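What follows is a set of notes on a single structure, which appears directly below.
The values are calculated or read from the model by the stated rules, or taken from the named source; none is laboratory data. Quick caveat: nothing in here was measured; it's all calculated off a predicted structure. All Cβ positions, glycine included, derive from the backbone under ideal geometry; neighbour counts span all protein chains shown. Note: areas computed on protein heavy atoms with side chains; ligands, DNA, RNA excluded. Shrake-Rupley method; radii C 1.70, N 1.55, O 1.52, S 1.80 Å.
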Amino acid sequence: MRRLPNPDDLLILLTVARLGRFNAVAETLGTTHTTISRRILALDKQLGGRTLERSPHGWELTELGASAVAAAEAIEETLGSLAGLIGEDQNALSGLVRISTSDGFGAEFVAPALVRLQRRHPLLNVEMLSATRKVSQNRSGVDLEVVVGRADVSSAQTIFLANYFLRLYASPGYAAELGLPETLDGVGQHGFVSYVESALQVEELGHRSSQLPMPKSSFQATSIFAQVEAVRRGAGIGLLPNFMVAGKPDFVPVLAHDFQRQLPIWAVARPESLRSERVQAVIAALKEEVHQRQELLAA
């Protein structure tokens, strides 16, 4: 009688299908790239064919691999139900979910949503990676990406979360000392705080795409938190997300009726990840967080 495939190897294949990169799978499972590769090869041998093929965007499932993943998903669901039964909560989620998100939105919305979800499901583990970038065309090594701006991707599903605004702000001290411009052209006479243009993947976040004049001087940082702090300490006028500074006494709106930029925020996941109950729960938690605090995004 032919031996059944090793359930552990099937679950490893499922993780590869979701994350797309052996290194990310190894980190998630606490093992090595070599071990992951060896286990996949062993599964291929047992199944009599290849379960994965390399594409320009990372590892993708073959037809055999898709069938194996369907079996792995059934195993995962059964194990999840068993874990919930042991914990006296059959609806409990367990395991690890990996999410990449931009700094500001991640701290203000994603982290609170994940903490609330984890409190409801204590067996759920979370890894949140900060990255301000456009949606990856390659397999990104995460279950879910939260991205800003255009979300043009062919191999994944995009879920709209919210719109927010980039607006101009300065500190009260800066305004008192140097004054504020009365027109958009006047912005060029001031210092300007924004992202490092050469390192920026989402061009809509930068100064160059804003149609604002070139500033007298610039303070550029890859971290939105550094930008907010620089504006607060008087480095100049900053192009900042409204949800991080609107209504706070350390920040004064600049040309509030003359300039703003609206940007969308999306959740992006591959089909294999979207079939995960953990990922579906994270998306629902993000939507709930955004809905409950919509006034902050519209401020």
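Pick from THR28, THR35, THR78: which is assigned to a helix (DSSP H, G or I), open to solvent by less than 50 Å² (accessible area, probe 1.4 Å) and modelled with pLDDT under 85? Write out each step before concluding.
Numbers: THR35 fails: modelled with pLDDT under 85; THR78 fails: open to solvent by less than 50 Å² (accessible area, probe 1.4 Å).
Testing whether each residue is assigned to a helix (DSSP H, G or I), open to solvent by less than 50 Å² (accessible area, probe 1.4 Å) and modelled with pLDDT under 85 leaves just THR28.
Which of the following residues is acidic (Asp, Glu), buried (at least 17 other Cβ atoms within 10 Å of the Cβ) and touching a helix residue (DSSP H, G or I) at 6+ places or on another chain (Cβ under 9 Å): GLU60, GLU53? Let's see the steps before the verdict.
Working: GLU53 fails: buried (at least 17 other Cβ atoms within 10 Å of the Cβ).
Of the residues listed, the single one that is acidic (Asp, Glu), buried (at least 17 other Cβ atoms within 10 Å of the Cβ) and touching a helix residue (DSSP H, G or I) at 6+ places or on another chain (Cβ under 9 Å) is GLU60.
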Among the residues of the stretch 35-50, which ones are over 14 Å from ARG21 (Cα atoms) and of a type outside the set (D, E, K, R)? LEU41, ALA42, LEU43, GLN46, LEU47, GLY48, GLY49
So, in the stretch 158-184, of the ones that are in contact with a Leu (Cβ under 9 Å, 6 or more places away or on another chain) and charged (D, E, K, R), which residue ends up least open to solvent (accessible area, probe 1.4 Å)? ARG167
Could you list, in sequence order, the residues of the stretch 131-154 that are modelled with pLDDT of 70 or more, of a type outside the set (Asp, Glu) and crowded, with 16+ Cβ neighbours inside 10 Å? ALA131, THR132, GLY141, VAL142, LEU144, VAL146, VAL147, VAL148, GLY149, ALA151, VAL153
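Among the residues of the stretch 280-295, which ones are open to solvent by 70 Å² or more (accessible area, probe 1.4 Å) and closer than 22 Å to ARG119 by Cα?
Looking only at the stretch 280-295, we keep the residues that are open to solvent by 70 Å² or more (accessible area, probe 1.4 Å), and these are 280, 287, 291-292, 294-295.
GLN280, LYS287, HIS291, GLN292 - these are the residues of the stretch 280-295 that are open to solvent by 70 Å² or more (accessible area, probe 1.4 Å) and closer than 22 Å to ARG119 by Cα.
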Read through the list (1) open to solvent by less than 60 Å² (accessible area, probe 1.4 Å); (2) in contact with a helix residue (DSSP H, G or I) (Cβ under 7 Å, 6 or more places away or on another chain); (3) modelled with pLDDT under 85, then give the number of the only condition that ARG98 fails. (3)
The condition from (1) in contact with a Pro (Cβ under 9 Å, 6 or more places away or on another chain); (2) open to solvent by 10 Å² or more (accessible area, probe 1.4 Å) that GLY236 misses is numbered (2)
Just the residues that are at pLDDT 90 or above and loosely packed, with under 15 Cβ neighbours inside 10 Å, please, taken from the stretch 262-279. GLN262
